[in-house]
1. In the list Gly139, Gly175, which residue meets the criterion of being free of Cβ contacts under 8 Å to residues at least 60 places away in the same chain and over 18 Å from the mean Cα position of the chain (by Cα)?
2. Just to confirm my filter: which helices (runs of 4 or more DSSP H) fall fully inside the stretch 1-60 and include at least 1 residues that are surrounded by fewer than 16 Cβ atoms within 10 Å (Cβ to Cβ) and assigned by TED's automatic domain parsing to the domain that holds Ile103?
3. Confirm whether Ala100 is loosely packed, with under 11 Cβ neighbours inside 10 Å, assigned to a loop (DSSP other than H, G, I, E, B), without any contact (Cβ under 8 Å) to a residue 60 or more places away in the chain and aliphatic (A, V, I, L, M).
4. Determine whether Gly82 is surrounded by 15 or more Cβ atoms within 10 Å (Cβ to Cβ), modelled with pLDDT of 95 or more and either over 21 Å from Arg193 (Cα atoms) or touching a Ser or Thr at 6+ places or on another chain (Cβ under 9 Å) (or both).
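The values are calculated or read from the model by the stated rules, or taken from the named source; none is laboratory data. Bear in mind the structure is a predicted one, so any value in this text is a computation, not a measurement. Reconstructed Cβ throughout: ideal geometry from the backbone, glycine too, with neighbour counts over all protein chains shown.
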Amino acid sequence: MNASVAAARAEGRTALTELEASALLAEYALTVSPSRLARSLEELDSALRALEPPWVVKIASPDIQHKTEVGGVVLGISHAEGAREAFHDLTRRVAAARPAARIHGVLVQHQVEGAVAEMLLGVSRDEQFGPVVLVGLGGIFAEALDDVALRVVPVDEAEAKRMLRELRGYRILTGFRGRPPGDVDALADALVRLARLASE
């Protein structure tokens, strides 16, 4: 069992923190935007030097899964002073909104820009069938459109591509209305790797 998963279980948590999840995904060659945890302004400055702007600053708490619901994310930060303001604002705002939440600091990431679409990839456990992978449009569209495809693992590349074609939003990935297409092969590969993680 992965060390992050074991630690979360030992603490009675049912979800990993973003840093823990990133480490687990890396074991399956699933990459995410690099993150740095900042518990102080000094650590924040160090994170900003290590990562290219623009930055995203997010609250780091094992007790808060949906950061935007508590005002826990600031996007598009292009200068260090803005990041410092975000550090103070986020920690104050989230502490007021969720006083019982453990706040470990903030996560700083490079903000990925120019993506064709934000996608949601996930894993669930069905009581009857076991591990299931899902894919759908991400961001605010994830819950608003409920456009997801599900499969019981294992999933191979052909099945992953079938899942993507089932999405109502699939045309966005293929270059809708003159927009550039997304890398459907890479997305299918990520689904296969996530299914492998779910099966182990």
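1. Numbers: Gly139 fails: over 18 Å from the mean Cα position of the chain (by Cα).
Step by step, each of Gly139, Gly175 is checked, and only Gly175 is free of Cβ contacts under 8 Å to residues at least 60 places away in the same chain and over 18 Å from the mean Cα position of the chain (by Cα).
2. 41-50
3. On the way: loosely packed, with under 11 Cβ neighbours inside 10 Å: yes; assigned to a loop (DSSP other than H, G, I, E, B): yes; without any contact (Cβ under 8 Å) to a residue 60 or more places away in the chain: yes; aliphatic (A, V, I, L, M): yes.
So Ala100 fits the description; yes.
4. Working: surrounded by 15 or more Cβ atoms within 10 Å (Cβ to Cβ): yes; modelled with pLDDT of 95 or more: yes; either over 21 Å from Arg193 (Cα atoms) or touching a Ser or Thr at 6+ places or on another chain (Cβ under 9 Å) (or both): yes.
Yes.
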